[in-house]
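The values are calculated or read from the model by the stated rules, or taken from the named source; none is laboratory data. Computed from a predicted structure; not experimentally measured. With ideal geometry, Cβ positions are generated from the backbone for all residues, glycine too; neighbour counts draw on all protein chains shown.
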Amino acid sequence: MTSASLSSPQERILQAALTLLESGGIEAVSTRAVSAAADVQPPTIYRQFGDMQGLLNAVASAGFTSYLQAKVARGSLSDPVEDLRGGWDLHLDFGLKHPHLYTLMYRMTQPGSESPAALEASALLRGIVQRVAEAGRLAVSVERAVAMIQAAGKGLTLSLLIAEQYDPGVAELMREAVFRAILTPQPESVADSEPQEPQRAAAHAVALAALLPGSAAPFSAAERALLTEWLHRLM
């Protein structure tokens, strides 16, 4: 489909900017290049998106739609840990196949400056981690697990994008190292003679803390806050 065949100036601008980004990087997405490729006048870009940063945010979100479509097509697995593992692999695959788009999504110039697409990805990740916690398989808090996965996943992907040689084994080793740090062992893999009580207590505390906000437990707001504080001491 060519830009001219799209129905609206906004769609043509988005498609043109995304094509330029994927082929030439962010430096290729200039007002002149986008307006020429989309067959619009430069002021149209600003009327539609406010400024070039607004256009770049829209491009990142539009490009991220393909990532979401792949995730939806894969579906949610009954085992939330395997769902988390599949999500990690999908994230890495997306970044390696769309390096310029990935860099645009996750480039940050100052704290709190994440792109809308990156925030959407973070919300998806948190939902999966929440399910892992509710299943009693998380050894740390949901917030800490999300932070560790994001730091490791983004760092790994960006490192591989600039590596001269790609070693696929590094990605699997990194994934499993992070998962060992945040997950409890499978029940059958823990020897009966070595109960690892602190880790089990932490997993139960994480699970209860994850379930508490949506429960109908007869606690006042102050009681919930106190219980949450106690649970976090066990994590």
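A145 satisfies every condition listed in (1) at pLDDT below 90; (2) surrounded by 12 or more Cβ atoms within 10 Å (Cβ to Cβ) except (1).
Here is the figure for region 129-142: residues that are assigned to a helix (DSSP H, G or I), in contact with a Ser or Thr (Cβ under 9 Å, 6 or more places away or on another chain) and surrounded by 22 or more Cβ atoms within 10 Å (Cβ to Cβ) total 1.
For region 154-164, the count of residues that are in a loop (DSSP other than H, G, I, E, B) and buried (at least 16 other Cβ atoms within 10 Å of the Cβ) is zero. Looking at V40, is it within 21 Å of A117 (Cβ to Cβ) and either crowded, with 16+ Cβ neighbours inside 10 Å or acidic (D, E) (or both)? Here the answer is no, as V40 does not meet what is asked.
For every residue, the table says whether it meets (1) within 26 Å of the chain's Cα centre (by Cα); (2) charged (D, E, K, R).
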| position | (1), (2) |
| --- | --- |
| D39 | no, yes |
| T44 | no, no |
| A58 | yes, no |
| S66 | yes, no |
| G86 | yes, no |
| G95 | yes, no |
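The set of residues in region 167-183 that are touching a residue at least 40 places away in the same chain (Cβ under 8 Å) and outside any helix (DSSP H, G or I) contains only L183. Taking every residue in region 132-154 that is of a type in the set (S, T, N, Q) and pairing it with any residue that is modelled with pLDDT under 95 and part of a loop (DSSP other than H, G, I, E, B), at least 6 positions away or on another chain, the pairs with Cβ-Cβ distances below 6 Å are S141/M235. Restricting A171, A202, A207 to those that are small (G, A, S), at pLDDT 90 or above and surrounded by 14 or more Cβ atoms within 10 Å (Cβ to Cβ) reduces the list to A171.
Within region 86-99, residues that are touching a residue at least 40 places away in the same chain (Cβ under 8 Å) reach partners that are not hydroxyl-bearing (S, T, Y) with beta carbons closer than 6 Å, at six or more positions or on different chains, in the pairs G87/I128; W88/R175; H91/G153; L92/A171; P99/L161. Exactly one residue out of A117, A151 is buried (at least 18 other Cβ atoms within 10 Å of the Cβ) and among the aliphatic types (A, V, I, L, M): that is A117. Only one entry in A73, A4, A118, A58 is of a type in the set (G, A, S), part of a helix (DSSP H, G or I) and at pLDDT 90 or above, namely A58. Looking only at region 7-22, residues that are more than 14 Å from A62 (Cβ to Cβ) and modelled with pLDDT of 95 or more come to 0 in all.
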